[in-house]
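So the structure is just underneath, and the comments pick up after that.
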Amino acid sequence: MPIDWQPLQEIISSHQRFVITSHVRPDADAIGSEMGLKALLEQLGKEVRIINPSATPDHLQFLDPDKSIQKIGPAVSLESACDTDVHIVVDTSAWIQLGDVGKVLEKTNAKKVVIDHHLSSDDLGATEFKDTTAAATGTLITEFAEFLDLPPAGDQATALFAAMATDTGWFRFPNSTERTYSTAARLISYGVQPNALYRELYERSSLARLKLHAVILDRVTVEFAGRLAYTFAMRKDFSDTRSQPADTEDIVNTCLTIEGVEAAFILVQQMDGRIKASLRSREGFSVAAVAEQFGGGGHRLASGAMLPGPMEQALESLLEVFKTTFPPSEDLPQ
Ligand SMILES: [Mn+2]
């Protein structure tokens with residue numbers, strides 16, 4: 001169902017001050033959508049602040065060259081974040097994803113709005129503009145800007161293109177539809193230079209990151225007659241290779257490139273000892289259902305959950321769930 005943007009247009013035209021928020025550990029869809037929406041609201045003469053529960057990761061700083069994104073905490077108090085007319089949440093609608101900004105949303109008297117494309121959803125007491133068929137929230141913001149006859153331009157268009165490009169693995173995941181490509185093509189017509197953006201996003205790797213990938217990829221294991229691939233990262237791997245947990249991003253997609261593999265996951269040991277699971281799958285298999293069994297969520301083809309440690313225990317419980325989905329190989333029809 002395409003979104004009816006009329007109510008959002010009305011909310012915007014009848015208010016002046018806006019706060020935009022996204023999820024913890026923001027990705028390029030979170031940051032890009034926020035920057036794209038902020039530029040749009042500013043074009044309409046609105047006062048806009050972006051206040052997030054986590055800092056912008058270094059590799060995405062280029063999307064916010066003026067460092068306008070604020071983080072809730074000592075510098076931006078709960079009271080200050082509540083002091084707005086409208087609070088817009090983009091790229092999530094789950095309390096658990098909002099970190100300390102969740103407290104702002106509980107307390108604020110502002111009108112609340114959600115713009116999102118995720119399946120999992122809580123009642124945030126917001127007016128929702130949600131389309132789970134959109135590849136990225138960046139697609140929705142682009143479409144909204146076009147609805148208002150204010151097509152994105154310059155850095156704003158680049159931020160929205162980055163949002164879509166990263167949520168689709170540079171337009172290669174199955175969520176890349178005709179709509180995704182045509183929205184991207186329009187953003188190019190507004191001035192985005194995909195080659196320069198690709199270099200910013202994917203060709204600024206570090207030696208540490210490559211070394212970490214070598215360690216983790218060496219551990220890839222396949223199970224259930226080659227239908228599942230998985231690997232893991234321990235805290236020690238990061239210190240050994242001088243890399244960071246964020247450097248594990250995309251390894252799970254590499255696991256999915258093995259022929260015959262239908263689902264893949266990576267387990268990453270967190271600083272507090274918990275285990276973060278990132279799951280991916282091919283069409284026809286939903287990893288969202290697996291993640292939900294551990295209190296996580298996401299999309300059919302990409303989801304995540306936080307499991308208690310230790311690593312062996314987390315691995316065992318995940319394999320147990322996959323066992324019920326992938327029957328033992330001897331039971332497969334010959
Ligand atoms: Mn997204």
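Each value in this text was obtained by applying a stated rule to the coordinates, not by laboratory testing. Nothing here was measured: the structure is a model prediction, and the numbers come from that model. Ideal geometry is used to build each Cβ from the backbone, glycine not excepted, and the neighbour counts take in all protein chains shown.
Quick notes on this one:
- Placing +1 on each Lys and Arg Cβ and -1 on each Asp and Glu Cβ, with no other charges, gives the chain a dipole about its Cα centre of roughly 580 debye.
- A simple count of charges around R179, restricted to other residues whose Cβ falls under 14 Å of its Cβ and scoring Lys, Arg +1 and Asp, Glu -1, yields -4.
- Computed lengthening from K211 to D122, 0.36 nm per intervening residue step minus Cα-Cα distance: 28.1 nm
- When you restrict to C-alpha pairs under 8 Å that are six or more residues apart and normalise by the size of the chain, the relative contact order lands at 12 percent.
- Projecting the Cα positions of P74, G191, G36 onto the charge dipole of the range 6-202 (unit charges on Cβ atoms of Lys, Arg, Asp and Glu, taken about the Cα centre) puts P74 furthest along the positive direction.
- Positive dipole terminus of the chain, leading residue within G226, G284, P65 (C-beta point charges): P65
- Only beta bridges with both residues in the chain are counted; by DSSP, about 40 percent of them are antiparallel.
- Ranked by the mean number of other Cβ atoms within 10 Å of their residues, highest first, the peptides 91-98, 136-143 come out as 136-143, 91-98.
- Cα shape, the range 88-213, gyration tensor, a/c 1.5 rule: oblate
- Measuring r between the beta carbons of W95 and R17 and using R0 = 22 Å, the FRET efficiency lands at 0.40.
- Three-way shape call for the range 53-127 based on the alpha-carbon gyration tensor, with the a/c threshold at 1.5: oblate
- The range 1-120 - percent relative contact order, Cα under 8 Å, separation 6 or more: 29 percent
- Beta bridges assigned by DSSP with both partners in the range 258-319 are antiparallel in approximately 100 percent of cases.
- Phi-derived couplings, Karplus 6.51 cos²θ - 1.76 cosθ + 1.60 at θ = phi - 60°, listed residue by residue for the range 82-89: 6, 7, 7, 8, 9, 10, 9, 9 Hz, with x used for Gly and Pro.
- Most positive-pole-ward Cα, F144, Y202, S176, against dipole of the range 6-202 from beta carbon charges: Y202
- Global geometry of the range 1-132, whether rounded, prolate or oblate, following the gyration tensor of its Cα atoms and the 1.5 cut on a/c: rounded
- Distance between the modelled labels on R204 and N109, one decimal in nanometres: 4.2 nm (7 Å Cα→Cβ projection).
- The chain - Kirkwood radius from inverse mean 1/r over Cα pairs (Å): 20.8 Å
- Residue separation of E47 and R219 scaled by 0.36 nm, minus their Cα-Cα distance, works out to 56.9 nm of gained length.
- Here the extension length gained between R235 and D83 equals 50.8 nm, from 0.36 nm per residue of separation less the Cα-Cα distance.
- If you model the range 207-326 as an ellipsoid using its alpha carbon gyration tensor, with each semi-axis the square root of five times an eigenvalue, the axes come out at 22, 16, 12 Å, biggest first.
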